[in-house]
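Please treat every number below as a calculation from the coordinates, not as lab data. All values derive from a computational prediction rather than experimental measurement. Positions of Cβ are generated from backbone atoms using ideal geometry, with glycine treated the same way; all protein chains shown enter the neighbour counts.
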Amino acid sequence: MEIRCRKCNCVHNTGSSCRAKAVKICKDTAECETYKPDAEKEDIIIKNGNLFGAAKNLSKKNTLNVPLRCSATECLFNKKENCIANGILVEENQACCATFTHS
C-alpha cells in the first residue's frame, strides 16, 4: 500500500512518503495517530519554506509492507479495522486521512 503524507514536518515523512513501521488512523477524526512532529524539519520549513513538499515528485513510492490499522469504522475502506484502499494520503493541515470516505 502506498502511503503518501503531506505532513512534511513528521519524523516518518521522507519526500512525502511515510516510513513508519505501522500507521494508525483515529476512529472519530480520521487523524493519523502515528504523526509525530520533528523539530528539526519544522525549523527548516520555517526558515526556507516547504522544501520537503517540493521533493514529493522525486521520491520513490513507499513499497514497504506497512500495517495500517484504521479505527474509522464509518469509512468505506475499513474492513474489520484494516484499510483495504490501494493507498492513503495524509493531509498537511490536520494530519487527517484524505482517503476517508463515508460508507
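List of remarks:
- Ranking of SER71, SER16 by neighbouring Cβ atoms within 10 Å, starting from the fewest: SER71, SER16.
- Taking label points 7 Å from Cα along the Cα-to-Cβ direction, GLU40 and LEU76 give a separation of 4.0 nm.
- Sorted by Cβ density within 10 Å, fewest first, the residues PHE100, PHE77: PHE77, PHE100
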